[in-house]
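This report refers to the structure that appears directly beneath it.
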Amino acid sequence: MPRVFYNIDPSILPLIRKSACLSQEKFARKLGVSANTVSKWERGRATPQGENFNILMKWAKKELGVGADAVLKEPVQQNLH
């Protein structure tokens, strides 16, 4: 079965974080990831997946009033063998 990876517009991630008045380090702690990971997300070098993706979508709705359609570019599927 294909696994879906979400292609998130990285420019929205700092907006979510900053609207919550959080530094990268504090944001990372809330998500249970490293500040380096948050930095990679914001630079488009990595994409949040799984539960982190779900949390970010909730924050986007709460902090910015936007849904997933404003955050996603489009889903990308990868076949796992």
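The values are calculated or read from the model by the stated rules, or taken from the named source; none is laboratory data. As the structure is a prediction and not an experimental result, all values here were calculated from the model. Surface areas here come from the heavy atoms of the whole protein model, side chains and all, with no ligands, DNA or RNA. Shrake-Rupley method; radii C 1.70, N 1.55, O 1.52, S 1.80 Å.
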Whole-Hz couplings from phi, Karplus 6.51/-1.76/1.60, listed for the range 16-22; x for Gly and Pro:
4, 4, 5, 5, 8, 6, 10
Under 5 Å from the placed amide H of Val66, counting only residues 5+ away or on other chains, we find Lys61
Between helix 50-59 and the chain: long-axis angle, C-alpha atoms, 0 to 90°, nearest 10:
40
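Take the solvent-accessible surface of the protein heavy atoms, probe 1.4 Å, and return the percent of it on the chain that carbon and sulfur atoms account for.
On the way: 2570 of 5280 Å².
Ligands and nucleic acids excluded, carbon and sulfur reach 49 percent.
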Return the long-range amide H neighbours of Ala46 (sequence gap of 5 or more, or a different chain), with a cut-off of under 5 Å between placed amide H atoms.
Trp41
